[in-house]
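So the structure is just underneath, and the comments pick up after that.
The values are calculated or read from the model by the stated rules, or taken from the named source; none is laboratory data. Since we're looking at a predicted model, the values are computed, not measured. Here the Cβ positions follow ideal geometry from the backbone for every residue, glycine too, while neighbour counts run over all protein chains shown.
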């Protein structure tokens with residue numbers, strides 16, 4: 001296999017203390033305002049998460065140069081200011097959600113397009129493209145046009161096309177959204193391996209928490225154009241700080257004032273925890289920690305007991321998730337057998353218990 005060639009010198013530093021991404025993405029567009037600080041070192045994979053309309057795509061377009069920065073924003077990559085650099089001159093590769101492969105070109109020529117734009121001759125560009133396709137396990141599909149490729153193959157061709165320009169910043173916009181569930185599992189694992197080998201900064205936008213947890217080293221959660229939480233996947237999964245994040249990672253989340261082992265919620269009853277804290281805190285516990293009863297339990301050792309009503313039921317994986325209202329709104333997971341034995345129906349009264357040892361309290 002021909003080894004992909006080293007990037008041409010385009011005036012961007014490869015070494016030194018300024019390596020990586022240093023950006024403050026400020027965009028004012030009508031009533032929407034984005035203000036997101038984003039830094040990353042070479043080799044980092046950062047996932048931008050957030051609900052629809054939070055500003056994830058605007059942030060990605062701003063990094064690519066497709067949306068201009070507003071006053072107060074800046075964008076530096078490897079120490080070079082890119083604020084006024086046109087998109088085509090930035091050392092940035094983009095994998096779009098729908099891949100946007102050129103339909104009239106073969107996989108080989110799609111990948112060779114970038115090197116050709118950078119001044120490589122036709123033979124050299126095609127040799128580089130062949131090397132990238134080989135690296136992606138697509139050598140036998142070099143002559144195929146996009147319509148003959150599967151979704152997973154098209155995704156890998158799009159990734160090879162982006163990497164063939166030797167970007168210092170790789171942007172991935174919902175890179176797995178167009179794939180069916182079965183293909184997604186395989187391509188996610190392949191993409192993780194390719195990102196692990198990428199030596200520059202990668203930023204991906206996704207609405208899927210599993211994609212983010214598997215692919216990224218760091219999660220940046222955006223709501224209403226602002227960063228609400230930034231950390232490793234494990235830290236964010238254990239310490240959600242907004243309702244959106246709690247729902248994303250599958251936790252019940254509450255805020256209140258701690259007095260020792262008791263947390264008095266801002267809206268609702270108190271929760272007993274094992275942590276000994278004082279002051280503003282969050283309390284979280286998984287839906288699987290909730291046990292339901294139709295009558296008030298008498299022999300339960302659980303310290304937390306609330307009277308609720310079933311607001312709704314839905315299938316959640318191989319379990320039933322009950323949405324409960326009442327003293328404490330919460331979600332509870334139980335087996336289909338347990339749901340049948342309890343004769344759970346919307347509107348049914350229930351008692352919910354959670355052991356203190358299954359809660360987790362941490363400073364707000």
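Given the criteria within 23 Å of the chain's Cα centre (by Cα) and within 23 Å of residue 193 (Cβ to Cβ), does residue 111 qualify?
no
Residue 159: modelled with pLDDT under 95, buried (at least 17 other Cβ atoms within 10 Å of the Cβ) and under 28 Å from residue 286 (Cα atoms), yes or no? I'd like the intermediate steps shown before the answer.
Values: modelled with pLDDT under 95: yes; buried (at least 17 other Cβ atoms within 10 Å of the Cβ): yes; under 28 Å from residue 286 (Cα atoms): no.
Answer is no for this residue.
Say we look at segment 103-120 and pick out the residues that are modelled with pLDDT of 90 or more and assigned to a loop (DSSP other than H, G, I, E, B); which of these is farthest from residue 153 (Cα to Cα)?
Out of the qualifying residues, it is 104.
What's the total number of residues in segment 94-144 that are surrounded by fewer than 18 Cβ atoms within 10 Å (Cβ to Cβ), within 19 Å of residue 168 (Cα to Cα) and either in contact with a strand residue (DSSP E or B) (Cβ under 8 Å, 6 or more places away or on another chain) or not assigned by TED's automatic domain parsing to the domain that holds residue 63 (or both)?
Within segment 94-144, residues that are surrounded by fewer than 18 Cβ atoms within 10 Å (Cβ to Cβ), within 19 Å of residue 168 (Cα to Cα) and either in contact with a strand residue (DSSP E or B) (Cβ under 8 Å, 6 or more places away or on another chain) or not assigned by TED's automatic domain parsing to the domain that holds residue 63 (or both) number 1.
Suppose we keep only residues that are touching a residue at least 40 places away in the same chain (Cβ under 8 Å) and touching a helix residue (DSSP H, G or I) at 6+ places or on another chain (Cβ under 9 Å) within segment 78-92. Which one would you say is farthest from residue 162 (Cα to Cα)?
90
Of the numbered conditions (1) in contact with a helix residue (DSSP H, G or I) (Cβ under 8 Å, 6 or more places away or on another chain); (2) surrounded by 18 or more Cβ atoms within 10 Å (Cβ to Cβ); (3) closer than 30 Å to residue 179 by Cα, residue 286 fails exactly one; give the number of that condition.
Evaluating residue 286 over (1) in contact with a helix residue (DSSP H, G or I) (Cβ under 8 Å, 6 or more places away or on another chain); (2) surrounded by 18 or more Cβ atoms within 10 Å (Cβ to Cβ); (3) closer than 30 Å to residue 179 by Cα leaves (2) as the failure.
Please enumerate the residues belonging to segment 49-67 that are within 22 Å of residue 89 (Cα to Cα) and either crowded, with 23+ Cβ neighbours inside 10 Å or in contact (Cβ under 8 Å) with a residue 12 or more places away in the chain (or both).
57, 58, 59, 60, 62, 63, 64, 65, 66, 67
Within segment 71-85, is there a residue that is more than 27 Å from residue 41 (Cβ to Cβ), at pLDDT 90 or above and within 29 Å of the chain's Cα centre (by Cα)?
The answer is yes; a qualifying residue exists.
Under the condition of being exposed (fewer than 13 other Cβ atoms within 10 Å of the Cβ) and within 30 Å of the chain's Cα centre (by Cα), which residue from segment 259-283 is farthest from residue 335 (Cα to Cα)?
Here the answer is 266.
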